[in-house]
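Working notes, structure below.
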């Protein structure tokens, strides 16, 4: 079922699609959101807005999405099940659509112990697969949980996340299959540094026919330094940063490591563009949005 989402229309074509991420500030500064997004204007097909990423209190995702929508972006609302029960989830989603937000990425959310409110209680009334199904039934069957009709029904373009590197790796394609069966239209992956593992995952996903049912957008994040690479390798769960990546960054002078990290990101994008089953990339620059134009231009994805 086609929606009015510009992102869906882009994915319906043959062009390699680009989405990017924009993290809201730890305060009520609308200008901070708009400044980040300005670097992405005209370069990407959709802009994700994170939902209290790393369990840190930030400007709400839906509010930032409205700000971006008003500036001509096609926002992608990230919605975690960590912080809301089923009533709040459904209410916020209906409200977001009423404000013009059509794209939603359904997520579990980082554990509260990682954030600035470690005493908070995770809700997890639904899981991320169930949330995908809720959105699909809202759109296609015009009902909320419990089968009560809603009129008019929100016409969401539904996304889900995939981590090809989480353990056990052999179960990840089956996990994705559940999300696609629940109704996911597009998939955004964890950032990719180990291309060998990613390609093995993609082969299985493609053989299962999942790439024909949901558009896979491969995640990329530029590394700013060898220190960042080592931190992500050693401290971030579900991340796979090969030792050779760390060695490559350590092999250049500290003041050149950021440039080398950008070169690595560009090389990764170029390789991903060659893979059957990858419909685009999702660029997560993490407070480095001003580098997005350079990265995308060097990768041949911007004029």
Open item on the list: So in the stretch 33-55, with the set limited to residues that are out of contact with any helix residue (DSSP H, G or I) (no Cβ under 8 Å at 6 or more places or on another chain) and surrounded by fewer than 20 Cβ atoms within 10 Å (Cβ to Cβ), which one is farthest from residue 113 (Cα to Cα)?
Closed with: 42
Task: Criterion: under 26 Å from residue 302 (Cα atoms), modelled with pLDDT of 95 or more and over 15 Å from the mean Cα position of the chain (by Cα) - qualifying residue of 7, 67 - done: 67
- [ ] Within the stretch 102-130, track down each residue that is touching a strand residue (DSSP E or B) at 6+ places or on another chain (Cβ under 8 Å), closer than 22 Å to residue 149 by Cβ and assigned to a loop (DSSP other than H, G, I, E, B).
- [x] 102
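With the structure loaded, tell me whether residue 88 is modelled with pLDDT of 95 or more, within 23 Å of residue 56 (Cα to Cα) and in contact with a helix residue (DSSP H, G or I) (Cβ under 6 Å, 6 or more places away or on another chain) or whether it fails that test. Before you say what the answer is, go through the steps one by one.
Working: modelled with pLDDT of 95 or more: yes; within 23 Å of residue 56 (Cα to Cα): yes; in contact with a helix residue (DSSP H, G or I) (Cβ under 6 Å, 6 or more places away or on another chain): no.
For residue 88, the condition - modelled with pLDDT of 95 or more, within 23 Å of residue 56 (Cα to Cα) and in contact with a helix residue (DSSP H, G or I) (Cβ under 6 Å, 6 or more places away or on another chain) - is not met.
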- [ ] Scan the stretch 280-296 and give yes if some residue there is more than 17 Å from the chain's Cα centre (by Cα), exposed (fewer than 15 other Cβ atoms within 10 Å of the Cβ) and closer than 19 Å to residue 190 by Cα, otherwise no.
- [x] no
Open item on the list: Going through 1, 79 one at a time, which residue ends up being at pLDDT below 95 and touching a helix residue (DSSP H, G or I) at 6+ places or on another chain (Cβ under 9 Å)?
Closed with: 1
Open item on the list: Would you confirm, using the coordinates I've provided, whether residue 249 is assigned to a helix (DSSP H, G or I), touching a helix residue (DSSP H, G or I) at 6+ places or on another chain (Cβ under 8 Å) and under 24 Å from residue 294 (Cβ atoms)?
Closed with: yes
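Mind listing whichever residues of the stretch 288-303 are free of Cβ contacts under 8 Å to residues at least 60 places away in the same chain, in a helix (DSSP H, G or I) and either out of contact with any helix residue (DSSP H, G or I) (no Cβ under 6 Å at 6 or more places or on another chain) or within 12 Å of residue 220 (Cβ to Cβ) (or both)? Outline the logic, then answer.
From the stretch 288-303, those free of Cβ contacts under 8 Å to residues at least 60 places away in the same chain are 294, 297-300, 303; that's our starting set.
Among the residues that remain, those that are also in a helix (DSSP H, G or I) are: 294, 297-298.
Residues satisfying the conditions are 294, 297.
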Task: Failed item in (1) surrounded by fewer than 21 Cβ atoms within 10 Å (Cβ to Cβ); (2) in contact with a strand residue (DSSP E or B) (Cβ under 8 Å, 6 or more places away or on another chain); (3) at pLDDT below 95, with residue 13 passing the rest - done: (2)
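Quick check on my filter: what residues within the stretch 233-244 are under 24 Å from residue 161 (Cα atoms), in a helix (DSSP H, G or I) and at pLDDT 95 or above? Please lay out each step first, then the result.
From the stretch 233-244, those under 24 Å from residue 161 (Cα atoms) are 233-242; that's our starting set.
Retained after the next criterion (residues that are in a helix (DSSP H, G or I)): 233-235.
Correct list: 233, 234.
The values are calculated or read from the model by the stated rules, or taken from the named source; none is laboratory data. Only a predicted model underlies this, so the values are computations on that prediction, with no experimental measurement involved. Note that we place each Cβ from the backbone using ideal geometry, even for glycine, and neighbour counts take in every protein chain shown.
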